[in-house]
1. What percentages, rounded to whole numbers, describe P(r) for region 407-477 computed over all alpha carbon pairs with 10 Å bin width beginning at zero?
2. Pop the C-beta distance of residue 86 and residue 107 into the FRET formula with R0 = 25 Å and round what comes out to the nearest 0.05.
3. Find the eigenvalues of the gyration tensor of the Cα atoms of region 454-594, then list the square roots of 5 times those eigenvalues as equivalent ellipsoid semi-axes, largest first, in whole angstrom.
4. Could you pull the Cα extents of region 428-528 along its three principal axes, largest to smallest, in whole Å?
5. Kindly rank 325-333, 609-617 from highest to lowest mean number of other beta carbons found within 10 Å of each residue.
6. Using every pair of alpha-carbon atoms in region 54-94, split the distances into 5 Å bins beginning at 0 and state the percent of pairs per bin, rounded to integers.
7. What is the diffusion coefficient of region 161-219 in µm²/s, taking the Kirkwood radius over Cα pairs and the Stokes-Einstein relation at 10 °C with a viscosity of 1.306 mPa s?
8. Given 0.36 nm per residue, what is the gain on full extension from residue 502 to residue 383 after removing their alpha carbon distance, in nm?
């Protein structure tokens, strides 16, 4: 269990607490400012990893959350905060509400800058048109210079204001001794404006104020639309964090209520949950009966009934009546917090494509400056052009080579895919789970709890008189045995007779007195059943015996999930081989396989036998998706090329799985495979577009065929194209679902 250790404040914006993990490891969650690109993330992570004592540092670009872990005694929270400040990335305690406010402020700043740049670009362009027309109609030098000075008076203040988003980011990178994508952009804008001012002072014929402000205008359009697109593709993890309640009403031992911050909740606290309130922590209902909107956890749209002893989870909503909940886990120990960690790991994990994008972003700035310098020298020394023409070509190279498209190619697809799957109750645990899932060609299913519901249900209820079912349920209501619970559930709203002298014999059954007559519910021999016709239907049986009446047989079985047949057919239509491996009795496995149309199946398998079969398929060249839930499935899940597990699975199985799906339906399996294939296709398309753009645009810029204005339009268009292409995943995944 993680424990929160209060820390003395570092300053007004300091981190209020540190989380203690096992093995003297400490964790800190911070919100980071000034993150603009993959290069920023690369610099933060590399710097922190190189700091003594730091064992883990990962930044999520969507939520701007930095998770830092260190060994106690080797580093401190204060040293991490100071290190971040020195890098030029201010930090504050991670707060979803503050994050939203920060995003709104940033959007307003971009809009204001965009408005200023647009106003300046329109007016300077009008003046430039007049100058161009004057060249053809004998405009005097003095008039042309006047127009250039008026353009300068409009353009230079606009550049100084509207360029701040780029200038500040570039300054931060340079102060920390690094480079980012905004350094060449800022350099290009300032060089264009500076060269134009020089030409104006000298009374030259040409000035490029229109290029500098229009360049900023297009860059700001791209950045603003990118900001909006990211908001639409916002991390599911950020949304989940926002579902956490802010306060809790704790009931003290004397029965009084007091309101405290959720961060102060501890296991053992009893909290009062009013109708319509979010549950602030994981726990068990200690008093009251209600219904909970648990779609966050189960993926089910229908409310789930809860009563005393029922488990409830942070972030879910109490719908019907007030209840009291005894807290079992709070803060970072809740299921909601774990889901957040899983989602962030999936969105920002260092998968194969992410590593490629990171490498490209790392070498971008040096390569761009080398190309720009080579262009300038080439035009000046080899082509014999003037310094003005050479500088314009170099500026175009600086602008057009911005790798925003490459930097966005993978992260935006992962964010959209994670969000789309989250809406269907699917959680990505592994960083490269989607990549591997897209490549599978074989699906190995477990039976019990995976293809089936995992709990018994009555299969011959239509053959049993209502009176007998009510009598059996009246006895079963006094036992916690799975068979007894299934009978009570089958009796539903029946009126149950009163049973006296209830006695449960372990391993045999229940006995009692109803209306003065002895009754037994249990094993065939214990109930004295003789000469009954055997039924070879797979499943479990239980008998009801009452003096003076024929015994009644109740047949129970673990029913298939409601959509199991449709899902198996869908998997087959996807061209995947299907195998059923189970530790259940061969007879039961054969019956399920026959119902589902699965030809390749095995039963009564031990865990090591499942692993051996998965490895056998792997050695045969198959890429296996293992879908299982039990403790005996964990080794096979780990052995598979990719793995999925239902949320009802054992903890160890969920740990071994790459993907976890919620609810009672099996459909998330096919939805996940389809989404993975779509994501893989879109990532490939994004990389192809990004590299094709650079392959065409860079030579054109170096050859002097792209002005700074054209370069700005091209660069912004490539970034938007990649982002919008990734957002297609939502539409395509809904279409295929």
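Read-outs: derived from the displayed coordinates by stated rules, not from any lab. Here the structure is a predicted model, which means the values were calculated and not measured. Virtual Cβ from ideal backbone geometry, glycine too; neighbours counted across all protein chains shown.
1. It works out to 13, 26, 21, 13, 16, 8, 2, in whole percents.
2. Computed FRET efficiency for residue 86 and residue 107: 0.35.
3. 34, 16, 13
4. Each principal axis gives a Cα extent; for region 428-528 these are 67, 27, 23 Å.
5. On the way: 325-333: 20.8, 609-617: 18.8.
The peptides rank, most packed first, as 325-333, 609-617.
6. Spelled out bin by bin, region 54-94 gives 5, 21, 32, 28, 11, 2, 0 percent.
7. Working: Rh = 12.1 Å.
Translational D for this selection: 131 µm²/s.
8. Between residue 502 and residue 383, full extension yields 32.6 nm more.
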